[in-house]
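The values are calculated or read from the model by the stated rules, or taken from the named source; none is laboratory data. None of these values were measured; they are calculated from a predicted model. All Cβ positions, even for glycine, are placed from backbone atoms using ideal geometry, and neighbour counts span all protein chains on display. Surface areas here come from the heavy atoms of the whole protein model, side chains and all, with no ligands, DNA or RNA. Shrake-Rupley method; radii C 1.70, N 1.55, O 1.52, S 1.80 Å.
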Amino acid sequence: MSWGEPVSLERVQQGLELARSLGWWGPEHRRLLFHDLQRVTAHIGELRAAFPDDAVHGVAIKANPLVELLRVMVEAGAGLEAASWEEVQCAVAAGCPGDRIIFDSPAKSTAELEQALELGVWLNTDNEAELQRVAALGPRSARIGLRVNPQIGAGRIGITSTVGKGSKFGEPLQRAGELAQRYPFLTGLHVHTGSQGCGLELLGKAAQATDQAVSDLGLQWLDVGGGLPVRYTAADPEPPTVQDWADALSGLDSWGKRPILTELGRSLQAGSGWAVSRIEAVKEVAGRPLYVVHLGADFLLRRVYRPDDWDHRMVVLDPQGRPKSGRVQADVGGPLCFSGDLLARDRSLAPAEPGDLLLIRDTGAYTLSMWSRHCSRAQPPVLGLWSDRAQPLFAGESVQDVVRAWSLQPGTPAP
């Protein structure tokens, strides 16, 4: 299966049938998310096969933090990459051993550093101040790295590029030698080039520059981060696979000599997820039909606020999940109370009526994990799919859950 290939409509229909059999979909339900567990575990298998056996593949938790989904990926042989201490705890809850957890937050407290050392994770410090605090704590791990920035330029999307001169992350690569000498417990270097919008050429240049420093300094491991792009629309080019990436990295001095760490998220999971929302209303606005659905900027935050950089393929289905025929130019509006909450403008879609369904593809990463509390809408449930069975991943939130989240509970301790 191509990594850029959308989930088939047959798979979508199967998911709805399984959801109905479990009572997770019916006339009373408004939206439901799906995650193809068969597909994501196959991708993890391809990733492991493409790299040397001692590689550690930390799937980025920030892409999709559902603990039950993380557990599935850990059982498939993946590690987990945490961008906060809370994400470290999600990794632990998912059964991930410390030697497969990568902790990368750019703002770690001293208490978090101490607990990370005790847990034995791969600890990537962000700056010299963190290295000083690790030195004061007494390093107890041989897996302490430093995030570096080779400052070689940005990708197509500036806000998700992290190896330009203005990036907030890491220390300049030219300081690596000085800091490795000053802090002899430093055993590896970490580089993360960026997310969507960064191609193989930029990823390769950043990895090559950092690998050269690892080799020159005699360090023990290299973390090449992640950031492979995905295909959100038919107009996007076919994305590279992990085999393409592995081939591009195979010329590194570290390849086969020392452990290589990866931190993929979007490319492993985006295409494995999709969402279905009931179309609540259809009305005419500015001469075009507007389909009002129950997922908007709360779920697809980047699509709404950065529409030129992110998009999602959409299909109108009938209430049974079958694709509808015909074509009109339509807008798709979300449920939030501001005019910009539009998922599509002037999009070619099938004619719809209230009660039909809108399929939104490629939602497995950076969607639910970026959920917005604006208008206080409850998070939707998530159902995982194997080849012939469903596995609940997240029950979603009730109205009472949302009220509780905004309330001060009796006896609440000081933070």
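Numbers below:
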| item | result |
| --- | --- |
| Count - residues of segment 61-78 that are more than 22 Å from A395 (Cα to Cα) and either of a type in the set (V, I, T) or surrounded by 24 or more Cβ atoms within 10 Å (Cβ to Cβ) (or both) | 1 |
| Segment 23-44 - residue that is closer than 21 Å to D318 by Cβ and among the hydrophobic types (A, V, I, L, M, F, W, C) and, of those, surrounded by the fewest Cβ atoms within 10 Å (Cβ to Cβ) | W24 |
| Leading residue by the ranking (most open to solvent (accessible area, probe 1.4 Å)) among those in segment 88-105 that are in contact with a strand residue (DSSP E or B) (Cβ under 8 Å, 6 or more places away or on another chain) and over 16 Å from L146 (Cα atoms) | D99 |
| In segment 106-129, the residues that are surrounded by fewer than 22 Cβ atoms within 10 Å (Cβ to Cβ), without any contact (Cβ under 8 Å) to a residue 24 or more places away in the chain and outside any loop (DSSP other than H, G, I, E, B) | A111, E114, E118, A129 |
| Residue selected from segment 130-149 under the condition surrounded by 22 or more Cβ atoms within 10 Å (Cβ to Cβ) and outside any helix (DSSP H, G or I), by the criterion modelled with the lowest pLDDT | N149 |
| Segment 239-254, subset closer than 30 Å to L359 by Cβ and either part of a helix (DSSP H, G or I) or touching an Asp or Glu at 6+ places or on another chain (Cβ under 6 Å) (or both), residue most open to solvent (accessible area, probe 1.4 Å) | Q243 |
| Answer residue from segment 343-372, given it is farther than 21 Å from G271 by Cα and in contact (Cβ under 8 Å) with a residue 40 or more places away in the chain and is surrounded by the fewest Cβ atoms within 10 Å (Cβ to Cβ) among those | D346 |
| Selection count where residues are not in a loop (DSSP other than H, G, I, E, B) and not hydroxyl-bearing (S, T, Y), scope segment 296-339 | 15 |
| Qualifying positions in segment 342-365 - touching a Pro at 6+ places or on another chain (Cβ under 6 Å) and part of a loop (DSSP other than H, G, I, E, B) | G355 |
| Matching residues in segment 62-72 - criterion: being under 14 Å from the mean Cα position of the chain (by Cα) and without any contact (Cβ under 8 Å) to a residue 60 or more places away in the chain | V67, L70 |
| Qualifying residue in segment 289-307 (condition: closer than 22 Å to G26 by Cβ and either modelled with pLDDT under 95 or more than 27 Å from the chain's Cα centre (by Cα) (or both)) | yes |
| Candidate set from segment 226-235 (those that are hydrophobic (A, V, I, L, M, F, W, C) and closer than 20 Å to S369 by Cα); member that is least open to solvent (accessible area, probe 1.4 Å) | L228 |
| Extreme residue, farthest from H312 (Cα to Cα), among residues of segment 242-251 that are among the aliphatic types (A, V, I, L, M) and in contact with a Leu (Cβ under 7 Å, 6 or more places away or on another chain) | A248 |
| Near pairs, Cβ below 9 angstrom, 6+ apart or cross-chain, from segment 201-212 (free of Cβ contacts under 8 Å to residues at least 40 places away in the same chain) to any residue that is open to solvent by 10 Å² or more (accessible area, probe 1.4 Å) and among the aliphatic types (A, V, I, L, M) | E201/A248 |
| Flag for S195 being more than 20 Å from A55 (Cβ to Cβ), touching a strand residue (DSSP E or B) at 6+ places or on another chain (Cβ under 9 Å) and of a type outside the set (K, R) | yes |
| Counted residues, segment 255-295 - those being under 20 Å from A49 (Cα atoms), of a type in the set (D, E, K, R) and not in a loop (DSSP other than H, G, I, E, B) | 1 |
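Matching residues to (1) without any contact (Cβ under 8 Å) to a residue 24 or more places away in the chain; (2) small (G, A, S):
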residue	(1), (2)
P237	yes, no
S254	no, yes
E263	no, no
G271	no, yes
E280	no, no
K283	yes, no
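Each row is one residue, and each column tells you yes or no for (1) touching a helix residue (DSSP H, G or I) at 6+ places or on another chain (Cβ under 9 Å); (2) farther than 30 Å from K257 by Cα; (3) not aromatic (F, W, Y).
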| site | (1), (2), (3) |
| --- | --- |
| S21 | no, yes, yes |
| P65 | yes, yes, yes |
| V72 | yes, no, yes |
| A91 | yes, no, yes |
| P97 | yes, no, yes |
| S105 | yes, no, yes |
| L113 | yes, no, yes |
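For (1) surrounded by fewer than 17 Cβ atoms within 10 Å (Cβ to Cβ); (2) modelled with pLDDT under 95; (3) out of contact with any helix residue (DSSP H, G or I) (no Cβ under 7 Å at 6 or more places or on another chain), each residue gets a yes or a no:
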site	(1), (2), (3)
T193	no, yes, no
L202	no, yes, yes
V224	no, yes, no
P237	yes, yes, yes
L261	no, no, yes
A286	yes, yes, yes
